[in-house]
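Inspection log for the structure reproduced underneath, given as structure tokens.
Rule-based calculations on the coordinates, nothing more; no lab input. Every value quoted in this text rests on a predicted model; they were computed, and no experiment measured them. Cβ coordinates were reconstructed from backbone atoms using ideal geometry, including for glycine residues, and neighbour counts include every protein chain displayed.
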């Protein structure tokens, strides 16, 4: 459909050389070539960016979910007003434009010498992700009946034991959905990745930023190949996890 | 749950948010009223030139014991705010800093205002239409429609750029119709493209939410409406739409929040040429002009902007929640 048109076209021209991709007049059929991909992955060592993305994304998801599950669980079980205020503050942080944190990140991390590291990027992304994550996880945990963990506690478990034995086995559907959105946030991030890392530490989206003002045709076409390379895992993701994504999007709406 | 447990469980999350969200935000506010500059001194050095050694007086940075240039930081109050807001007339840059923030704010608001109606209307229409599509195709349809929303914004914006650039597919098709248009070359078309990206990107979200909402329209209300002789349009207006109303508010809220943060299309499609946004402004000042203090001022103003924008919407949602439950 129309929605997929830009992406499809990008995929098509990624397999052509510059001359054929943007020729005048436009060719509908043109010789296919893999040279853009080769130039990107081999010459410009895009595989390093791929590894960076992998590391960052997996770390962000794992840490985000671990920390978020605890908080989400707590928010679903605690009745005091402190929980309510935490949620409101999280909502406010969720609306915060990320660029407002950049000046201090830049200055702070430079001073501490930790700016160009994946480690820093991971934690920044986790923190930025937390508001959304705890909101989403909380509504999933609310759906798990309190009788389950209360019964465990009556049997003598501490809160933490109850959480581990009773809640963890049943929380996976909600966790998977939230994890998906966590993944998307980390995978798709551009502003923070490009501002906080340099060349070989960059994640994939930040790395193809060169294609924005491409000085050379080869660079531009490699950017096209990069765009497709970045998107293929996402397409796989949507195909496999479509239901979860949809439920995640609508769940926030239904429960407000 | 006891307070102690609550505090214990939520501590890691809260700690992270405090450390990496609240603290930097406070620090940005602090930075916005300061300026650090190198401490300069006059120095007389001996330079050897073609005519023999000569004494030259120049400015250079003071260095401390380890050879690092010294910085002097001081409180400058609202100086950078005035610059960013264009309240200062600079003799050396008459048109330069004028209205940087207001220009960014204006386009950001334009973007929000232009994308929202199309996202809502388009999402609604698509959801209504989808209701009639056969079951088998639905999965594929939904997956394809989700793509613009899931895709990396940079990639999405780049794809649109490549589609519309000189010698791209769209200009080619248009010139077949006799229209010669260089999209990136003038303000109105560049701005239109950014708005187009926004609609393309967010419509799937509205569509999915509305589509799910449509599944929940009470069937008996629809049936009694049909019995009362209502036609399709009336049923839509009096049964379906009121049912979807809270979802519309929800989508609007989320979209406004996200649209205010527009960044990628501005960077990718125009590099700040005809379009700009509040996030782009901070980013640009920080990384291009290399002025974290001015960038901080822009950042604080950005926060004020979103607060002003969101508070009425939030209050409305809040009231809606308390009423509807």
Note to self: Need one number: nm distance between label points at residue A:153 and residue A:217, each 7 Å from Cα along Cα→Cβ, rounded to one decimal.
What the structure shows: 7.0 nm
Checklist line | Between helix B:153-164 and chain B: long-axis angle, C-alpha atoms, 0 to 90°, nearest 10 | finding: 80 degrees
Margin query: Take residue A:176 and residue A:45, extend 7 Å from each Cα along the Cα→Cβ direction, and tell me the distance between the two endpoints in nm.
Written below: 3.8 nm
Checklist line | Choice from B:62, B:138, B:83 with maximal GNM fluctuation in chain B (Cα, 10 Å cutoff) | finding: B:62
Check: For region B:105-270, what percent of Cα pairs sit more than 28 Å apart?
Finding: 35 percent
Notebook entry, point to check: How much length is gained if the chain between residue B:7 and residue B:177 is pulled fully straight, taking 0.36 nm per residue apart and subtracting their Cα-Cα distance, in nm to one decimal?
Noted result: 54.6 nm
Item checked: Residue of B:182, B:211, B:238 that the Gaussian network model of chain B assigns the largest fluctuation, springs spanning Cα pairs under 10 Å -> B:238
Check: Per residue of A:180-186, what is the mean number of Cβ atoms on other protein chains within 10 angstrom of that residue's Cβ?
Finding: 1
Note to self: For peptide A:74-84, what's the mean number of Cβ atoms from other chains within 10 Å of each residue's Cβ?
What the structure shows: 4
Checklist line | Pair-distance profile P(r), taking every C-alpha pair of the protein assembly as shown, with 10 angstrom steps and integer % | finding: 3, 15, 24, 25, 18, 9, 4, 1, 1, 0, 0
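I need the calculated FRET efficiency for the pair residue A:142 and residue B:223, taking r as the beta carbon distance and R₀ as 22 Å, to the nearest 0.05.
It comes to 0.10.
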Check: How far is helix B:100-130 tilted off the main Cα axis of chain B, in degrees rounded to 10, range 0 to 90?
Finding: 20 degrees
Margin query: At a 10 angstrom cut-off on C-beta neighbours, averaged per residue, how do the peptides B:150-162, A:85-97, A:68-80 rank from highest to lowest?
Written below: B:150-162, A:68-80, A:85-97
Check: residue B:188 versus residue A:58, label points 7 Å from Cα toward the beta carbon: distance in nm?
Finding: 5.2 nm
Item checked: Highest-fluctuation residue, B:172, B:255, B:284 considered, GNM on chain B with Cα pairs under 10 Å -> B:172
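What does the extension gain come out to for residue B:55 and residue B:22, with contour length at 0.36 nm per residue minus their alpha carbon separation? Walk me through the intermediate numbers first.
On the way: separation 33, 0.36 × 33 = 11.88 nm, distance 5.27 nm.
Contour length minus Cα-Cα distance gives 6.6 nm.
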Checklist line | Mean-position separation - Cα centroids, region B:224-246 and region A:162-176, in angstrom | finding: 41 Å
Checklist line | Angle in degrees between helix B:241-259 and the longest Cα principal axis of chain B, rounded to the nearest 10 | finding: 10 degrees
Notebook entry, point to check: Taking 0.36 nm per intervening residue step and subtracting the Cα-Cα distance, what contour gain separates residue B:243 from residue B:110 on full extension?
Noted result: 45.0 nm
Check: Can you give the average number of partner chain beta-carbon atoms within 10 Å of each beta-carbon in peptide B:2-9, as a whole number?
Finding: 6
